[in-house]
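Remarks on the structure that follows.
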Amino acid sequence: MICRAINHRRYIKIGKEKYETKLGAYCWKGTCTDKAGPIELLKGTVPINAIPGEEISFIMDYETKPNEFHLVQIHESKENEILIKENGFSSPTQKGIYYYSYGVWWIDEKEENLSKGDAFYHSFSK
């Protein structure tokens, strides 16, 4: 059974539009799945159009929010970690197809290195 927090959808918001992300690998309460990375998982879907420098934000529609976040951008086979500020980031200024892997963790508040679960959400833009 998938945890309700993992099972709920996560979106990205660009301007006034909201776009669903694709759930990748996740772990919750000892149950883990392993899925392909963002490029493979998003094959056959249409990239989201983003204006260069446009603000992109993450939306979670569940109560138990993760307390650790990492965003990786993949462009032309190169991976770069992107700084997240106020739950978002700016779209790239150079044209191209950019894949994103948004990793979130629910870290135990009492035991620093104990993760209650994690999930990776994927999207891409052009």
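The values are calculated or read from the model by the stated rules, or taken from the named source; none is laboratory data. Because the structure is a prediction, the values reported are computed rather than measured. Every residue, glycine as well, gets a Cβ built from its backbone with ideal geometry; the counts of neighbours run over all protein chains shown. For accessibility, only protein heavy atoms count, side chains too; no ligands or nucleic acids. Shrake-Rupley method; radii C 1.70, N 1.55, O 1.52, S 1.80 Å.
If we count every other residue with Cβ under 12 angstrom of VAL72's Cβ, Lys/Arg +1 and Asp/Glu -1, where does the sum land?
-1
How about LYS95: which lysines have a C-alpha closer than 24 Å to its C-alpha, ignoring those fewer than 8 places off in the same chain?
By straight Cα distance, LYS95 reaches LYS13, LYS16, LYS18, LYS22, LYS43, LYS78, LYS85, LYS126.
How charged is the neighbourhood of GLY53? Take every other residue with its Cβ under 15 Å from the Cβ of GLY53, and add Lys/Arg as +1 and Asp/Glu as -1.
After counting each charged neighbour, the total is +1.
If you roll a 1.4 angstrom probe over the protein chains with everything in place, what fraction of the accessible area of region 4-78 belongs to carbon and sulfur, to the nearest %?
Exposed carbon and sulfur together represent 50 percent of the surface.
Projected onto the charge dipole of region 1-118 (+1 at Lys/Arg Cβ, -1 at Asp/Glu Cβ, origin at the Cα centre), which of CYS27, THR45, SER90 gives the Cα projection farthest towards the positive end?
Positive-end residue among those listed: THR45.
When a/c reaches 1.5 or more, the comparison of a/b and b/c decides; with that in mind, is region 3-126 rounded, prolate or oblate per its Cα gyration tensor?
prolate
Whole number in Å², please: accessible area per residue of the chain, 1.4 Å probe, ligands, DNA and RNA not counted.
Normalised by residue count, the accessible surface of the chain is 65 Å².
Taking the Cα centre as origin and putting +1 on Lys and Arg beta-carbons and -1 on Asp and Glu beta-carbons, what dipole magnitude results for region 48-126, to the nearest 20 debye?
Dipole of region 48-126, to the nearest 20 debye: 400 debye.
With n ≥ 4 as the cut-off for DSSP H runs, can you work out [θ] at 222 nm for the chain, using -39500 (n - 2.57) per run divided by the number of residues, rounded to the nearest 500?
Here the helix-only value at 222 nm equals -1000 deg cm²/dmol.
Which of the lysines could be linked to LYS116 by a straight reach, that is with a Cα gap under 20 Å, when you skip same-chain ones fewer than 8 residues away?
Excluding near neighbours in sequence, the set is LYS29, LYS35, LYS65.
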